[in-house]
Amino acid sequence: NAGVTQTPKFQVLKTGQSMTLQCAQDMNHEYMSWYRQDPGMGLRLIHYSVGAGITDQGEVPNGYNVSRSTTEDFPLRLLSAAPSQTSVYFCASSYSGDTQYFGPGTRLTVL
Amino acid sequence: AQSVAQPEDQVNVAEGNPLTVKCTYSVSGNPYLFWYVQYPNRGLQFLLKYITGDNLVKGSYGFEAEFNKSQTSFHLKKPSALVSDSALYFCAVSHRNTDKLIFGTGTRLQVFP
């Protein structure tokens, strides 16, 4: 098992550009989620999904979109990047009610 | 509102000494409680969790945590610290009816030789 994989590892964007952060898991987990990690603030939930075709907002959803067309993939889209979205992004997955396993992260810088 | 507090930004301990990283929470009902560790430039690794049962939970790398319902705490402990334990530690909680994790702000553990 590869576990939870994320691409790219690093990305630099200019303000206003759009991009998609990829997340995939090969554990057949129903639950997937996206977090952002900022210094002194821990991890905050952006969006989550309880299964294919079902997504919902977390604590900080503004500026981000998600979709879940398959069990394996849960991409995060930045529609128009802003400097405030400079952060480290983590994807996680789990069976419902069980331990969440995290990917290695994507470090995003928006200039 | 649900929240998790890690009151110490950094904990310093000498190698071989016991360590404690503190966590308190405010969640209605009976939550699930977790500890994760993050090494530099890496993702979060699961250490241990409390779901129900024995208040003392044993996890990876010799770590354990004690659930105290009356004090709403879930402190992480290790009897003898190693230099390799130096990392960022996160406490997290979820309500039993949801998988959404609420994280504390993290505590940096520094173990000195």
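The values are calculated or read from the model by the stated rules, or taken from the named source; none is laboratory data. The structure presented is a predicted model; accordingly, all values stated were derived computationally and were not measured. Glycine also receives a Cβ, built like all others from the backbone with ideal geometry; neighbour counts cover every protein chain displayed. Quick note on the areas: whole protein, heavy atoms, side chains included, nothing else; ligands and nucleic acids left out. Shrake-Rupley method; radii C 1.70, N 1.55, O 1.52, S 1.80 Å.
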### Query
Other chains' Cβ within 10 Å of A:42-54 residues: what's the mean?
3
#### Entry: Inter-centroid distance (Cα atoms) of the range A:43-98 relative to the range B:83-110, Å
19 Å
#### Entry: Dipole in debye (nearest 20) - the protein assembly as shown, about Cα centre, beta carbon charges: Lys, Arg +1; Asp, Glu -1
340 debye
### Task
Sum up the lysine pairs in the protein assembly as shown that clear both bars: alpha-carbon distance under 19 Å and a spacing of 8 or more or different chains.
14
### Query
Each residue of the range B:108-113 in turn: what ³J(HN,Hα) in whole Hz from Karplus with 6.51, -1.76, 1.60 and θ = phi - 60°, glycine and Pro shown as x?
8, 9, 10, 10, 9, x
### Task
Estimate for me the total accessible surface buried between chains A and B (protein heavy atoms, probe 1.4 Å, no ligands or nucleic acids), in Å² to the nearest 100.
1500 Å²
### Query
Dipole size in debye (nearest 20) for the range B:1-84 around its Cα centre, Lys and Arg Cβ +1, Asp and Glu Cβ -1?
160 debye
### Summary
Per residue of B:98-111, other chain Cβ atoms within 10 Å number on average 5
### Task
Let me have the relative contact order for chain B, percent, based on Cα pairs under 8 Å that are six or more residues apart.
37 percent
### Task
Return the sequence-ordered ³J(HN,Hα) values of the range B:51-64 in whole Hz as given by the Karplus equation 6.51 cos²θ - 1.76 cosθ + 1.60 applied to θ = phi - 60°, using x for Gly and Pro.
10, 6, x, 4, 5, 9, 10, 9, x, 6, 6, x, 7, 9
### Query
Can you work out ³J(HN,Hα) from phi for every residue in the range B:87-99, in order, using Karplus 6.51 cos²θ - 1.76 cosθ + 1.60 and θ = phi - 60°, giving whole Hz and x for Gly and Pro?
5, 9, 10, 10, 9, 9, 9, 9, 6, 4, 8, 8, 8
#### Entry: Heavy-atom surface of the protein assembly as shown, accessible at 1.4 Å and reported per residue (Å²)
47 Å²
